[in-house]
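Visitor: Below you will find the structure I want to go over with you.
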Amino acid sequence: MLAADGINNTEISNRLEMNRNQVRMWRSRWASASATLAEAETSATSDKKLIQLIILVLSDQPRSGKPATFTVDKIVQIVAVACEHPSQSQRPINEWTHQELASEVVKRGIGIV
């Protein structure tokens with residue numbers, strides 16, 4: 001709506017407290033898909049399919065680089081271990097260190113670090 005009112009990316013980023021490059025990226029994605037969205041909106045496309053198309057446009061794109069090492073489930077399990085007191089794992093420490101946490105995660109079979 002801000003863009004439709006002629007407000008530039010810098011002002012939009014200030015109002016939404018976002019990085020200007022993020023605003024530019026999302027506006028660019030939306031502009032690139034606008035013809036497809038307009039066609040879907042005026043054709044006999046169902047509301048459900050239109051919503052799916054909008055979600056596709058607004059979804060994150062695959063990122064370059066090495067794929068994630070851990071699944072979301074594994075990350076949740078690691079965070080759960082980190083939230084436990086080390087004494088629950090028979091560790092003779094008061095706070096987790098990176099090495100102790102990694103060792104416990106491997107010991108529990110959650111992941112290989």
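The values are calculated or read from the model by the stated rules, or taken from the named source; none is laboratory data. Everything numeric in this text was worked out from a predicted model, so none of it was measured. Heads up, the Cβs are rebuilt from the backbone with ideal geometry, glycines too, and the neighbour counts pull from every protein chain shown. Note: accessible area is taken over every heavy atom of the protein model, side chains too, but ligands, DNA and RNA are not part of it. Shrake-Rupley method; radii C 1.70, N 1.55, O 1.52, S 1.80 Å.
Visitor: Provide the gained length on full extension for the span SER87 to SER28, in nm with one decimal, where the gain is 0.36 nm per separating residue minus the Cα-Cα distance.
Guide: Length difference between fully extended and current span is 16.1 nm.
Visitor: How big is the gap, in Å, between the Cα center of segment 80-95 and the Cα center of segment 59-79?
Guide: 25 Å
Visitor: For GLN99 and ALA35, compute 0.36 nm times the residue count separating them, minus their Cα-Cα distance, and round to one decimal in nm.
Guide: So the extension gain works out to 17.8 nm.
Visitor: Let me ask something else. If we restrict to alpha carbons, what Rg and Dmax does the chain come to, in Å?
Guide: So, for the chain, Rg and Dmax equal 22.8, 67 Å respectively.
Visitor: Now for a different question. Give me Rg over Rh for segment 13-52, both radii from the alpha carbons and Rh done the Kirkwood way, two decimal places.
Guide: 1.16
Visitor: Magnitude of the Cβ-charge dipole of the chain, K/R +1 and D/E -1, about the Cα centre, nearest 20 debye?
Guide: For the chain, the charge dipole is close to 320 debye.
Visitor: Another question about this same structure. As a test of the formula, what do you get for the chain when each DSSP H run with n ≥ 4 contributes -39,500 (n - 2.57) and the sum is divided by the residue count, at 222 nm and rounded to the nearest 500 deg cm²/dmol?
Guide: Result for the chain, helices only: -18000 deg cm²/dmol.
Visitor: Across segment 87-97, in residue order, what do the Karplus-derived ³J(HN,Hα) couplings come to in whole Hz, using 6.51 cos²θ - 1.76 cosθ + 1.60 with θ = phi - 60° and x for Gly and Pro?
Guide: 5, 5, 10, 6, 9, x, 9, 8, 9, 5, 9
Visitor: Still on this structure, I have one more. Can you give me the relative contact order of the chain as a percent, contacts being Cα pairs under 8 Å and 6 or more apart?
Guide: Reported relative contact order: 14 percent.
Visitor: To continue, here is another question. Can you give me the accessible area per residue for the chain, using a 1.4 Å probe, in Å²? Provide the component values of the computation, followed by the final result.
Guide: Values: 8880 Å² over 113 residues.
That works out to 79 Å² per residue.
Visitor: Taking the highest mean first, how do the peptides 43-52, 61-70 order by number of other beta carbon atoms within 10 angstrom per residue? Kindly include the intermediate steps, with their values, before the conclusion.
Guide: Values: 43-52: 10.7, 61-70: 7.8.
Highest mean packing first, the order is 43-52, 61-70.
Visitor: Over the chain, with every protein chain in place, what whole percent of the accessible area is carbon and sulfur at 1.4 Å, could you tell me?
Guide: The computed percentage sits at 56.
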